[in-house]
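Report on the following structure.
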Amino acid sequence: MSEAKAIHERKHVWRDEILLIVSLVVFVGIVYVLDGALQPVFTNTTLLLTGVFLALVPAAIWLIFFYLQDRAEPEPKGFVLGVFGLGALLAAAVGIPVVENLFRVSHWLRTDTMSTIVGGILVVGFTQEFLKYAAVRYSIYNSDEFDEPTDGVIYATAAGLGYATVLNINFVVSNGGVDLGAGIIRIAVVALAQAAFSGITGYFLGRAKFESEQIWWMPLGITLAAVFNGVFNWLQGVVTRPTITLSGATTNTWMGLVLAAVVALVTTGIILWLVRRNIKSLQAGN
Amino acid sequence: MANKQTSLGDRFAEITVVVVTIIALVAGWFYKSSIENASLPFSVDGISVEAPKGWLQAESSEDVLLRTTDINSTGFGATYTIRKIAITSEATTSEVAGLVTLEHARDLLAFRMLDQREVTVYGREAFEINYVFVESNPDLTHTELPSVVRGTDYVFLNGDHAVVVSFQADEKTYDLDLDRFHVFLQSLNF
């Protein structure tokens, strides 16, 4: 890799992230409206297949935007897809078995506020964020294709969406299909949240590769992402808690989507600001 | 931009990430155990025990002193039951166990006894019965498949009555739930 290679910012990365958030919200709205208007009737098989198809949509949207816009200095398609696949594979082979079978979080995680936050950070957060980090760190990270700080965000987002896709497919399959309206909201929430937390790890990975950071730098990144992950899951439980009144119960699933969209936008904004600042400092250094 | 060569510092940083993650997961494991093993004192009719905190406790009825169920279990919820049965002074643990087994055969669907034996449970002589049955929700609109349930009863003699402590759990989670039951069993006093 040439020393003289210009440090620049891939502006489209941020557009992709924001387009993913906006597109997902729009997509959810369309599915929700169509489901309400048409009230389609599914067999068990078609319901399952539709759920699995919907679980693939968030990753497909991001990948399409990414490839359409990544033309100036394209990342190898195989590498981005490979990291996406690795994130998915680690979720299926390690993440879900550890969280659900070994730690059996469904038995104790939602006991009270404290357990939801502490358990969410220590068990769910660290497992998920470490595996997404590993998907990048032990694959593309040492390659010459990982040649600028923004690549950390790109590849970590790919790993995060791979992880989210498997989480969503697992949810659909274990429930034998999902109600389209509520199901698509959950799918979008998981995808947005996983992509946002991966962005944090990606920023730390990008800097760790190109600057001489302290030994605590990368652990700090994973810990921050895990804390965001745990706190988000608790907040999501709070805002989506059903409201029960004398006239009946109402669910607040939409609030979960609003929260996920806001968290994703804010996280993307903060990472954008940090990366820009970092690039300016590197340019000044060169 | 040049790729930085992997330095010793990078290696240490990489190892630190793994170490921090392991520490977090170990701490998470201890935290999980502290929640799962949390208990509330329960005492009735001369029998005291540390009942699991956060479980659904049914009111005592007839000879059943305590019936507590893990509401977060999947399938058939793990259930602990303590019964106090009046007996004659000559009755042995195996005779009481035979009576309990007959009751199970009458009350439980597709009941099968797996094995039975004399054991010592935390210093007390007891009779252990291992069995299996099918739990089917009687509600015809209930759409789930019936659960296969594994159960273990311990029969203790205490003067003019027998204390029967039962553990029943979905056969898929029986082994995982067994450790928590032993904590419960260890806390039993009468």
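What follows draws every value from the coordinates through simple rules; no lab data is involved. This is a predicted model, so every value here is computed, not measured. All Cβ positions, glycine included, derive from the backbone under ideal geometry; neighbour counts span all protein chains shown.
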Could you tell me whether the stretch A:18-121 comes out rounded, prolate or oblate from its Cα gyration tensor? Rule is a ≥ b ≥ c as square roots of the eigenvalues, rounded for a/c under 1.5, then prolate if a/b exceeds b/c, otherwise oblate.
-> oblate
Rank the residues B:TRP29, A:TRP62, A:TRP234 as a footprinting-exposure proxy: fewest other Cβ atoms within 10 Å of their Cβ go first.
-> B:TRP29, A:TRP234, A:TRP62
Take the Cα of B:SER187, step 7 Å along the line toward its Cβ, and report every residue of the stretch A:111-136 whose backbone nitrogen sits under 18 Å from that point.
-> A:111-112
Please give the net charge around B:VAL100, taking every other residue with its beta carbon less than 13 angstrom from that of B:VAL100, where Lys and Arg add +1 and Asp and Glu add -1.
-> -3
Label-point gap, in nm, between A:THR250 and A:SER106 - each point 7 angstrom along Cα→Cβ | 3.0 nm
Taking R0 as 60 Å and r as the Cβ-Cβ distance between B:ARG106 and A:TYR67, the FRET efficiency 1/(1 + (r/R0)^6), rounded to the nearest 0.05, comes to 0.35
Considering amide H positions built from the backbone, and no H for Pro or chain starts, which residues 5 or more places from B:HIS161, or on another chain, come under 5 Å of its amide H?
-> B:ILE87
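Which order do the peptides B:69-81, A:146-158 come out in when sorted by mean C-beta neighbours inside 10 angstrom, highest first?
A:146-158, B:69-81
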Let me have the 222 nm mean residue ellipticity of chain B computed from DSSP H runs of 4+ only, each contributing -39500 (n - 2.57), with the sum over all residues rounded to the nearest 500.
-> -10000 deg cm²/dmol
Rounded to the nearest 0.05, what FRET efficiency do B:ALA86 and A:THR43 have when you use their Cβ-Cβ distance and R0 = 60 Å?
-> 0.60
Enumerate the calculated ³J(HN,Hα) couplings along the stretch A:196-208 in order (Karplus 6.51 cos²θ - 1.76 cosθ + 1.60, θ = phi - 60°), each rounded to whole Hz, writing x wherever the residue is Gly or Pro.
-> 5, 5, 5, x, 5, 4, x, 4, 5, 5, x, 6, 4
Tell me, in nm to one decimal, what length is gained between B:GLN57 and B:ASP160 on full extension, where the rule is 0.36 nm per residue of separation less the Cα-Cα distance?
-> 34.4 nm
How crowded by other chains is A:115-121, given as the mean number of beta carbons from other chains within 10 Å of each beta carbon?
-> 3
222 nm mean residue ellipticity, helices alone, for chain A (DSSP H n ≥ 4; -39,500 (n - 2.57); rounded to 500) | -24500 deg cm²/dmol
Once the other residues with Cβ under 12 Å from the Cβ of A:VAL172 are scored (Lys, Arg +1; Asp, Glu -1), what is the net sum?
-> 0
Out-of-range pairs (alpha-carbon distance over 20 Å; input B:LYS84/B:LYS172; B:LYS53/B:LYS172; A:LYS132/A:LYS209) = B:LYS84/B:LYS172; B:LYS53/B:LYS172
With label points built 7 Å along Cα→Cβ from the Cα atoms of B:ASP45 and A:ASP35, find their separation and express it in nm.
-> 5.0 nm
Looking only at other chains, what is the average number of their beta-carbon atoms within 10 angstrom of each beta-carbon in B:7-20?
-> 5
From the backbone phi of the stretch A:16-26, what are the Karplus-calculated ³J(HN,Hα) couplings (6.51 cos²θ - 1.76 cosθ + 1.60, θ = phi - 60°) in whole Hz, Gly and Pro given as x?
-> 4, 4, 6, 5, 4, 4, 5, 4, 5, 4, 5
Determine ³J(HN,Hα), in whole Hz, for all residues of the stretch A:81-92 in sequence, where each value follows from phi through the Karplus function 6.51 cos²θ - 1.76 cosθ + 1.60 and θ = phi - 60°; x replaces Gly and Pro.
-> 5, x, 5, 4, x, 5, x, 5, 5, 5, 5, 6
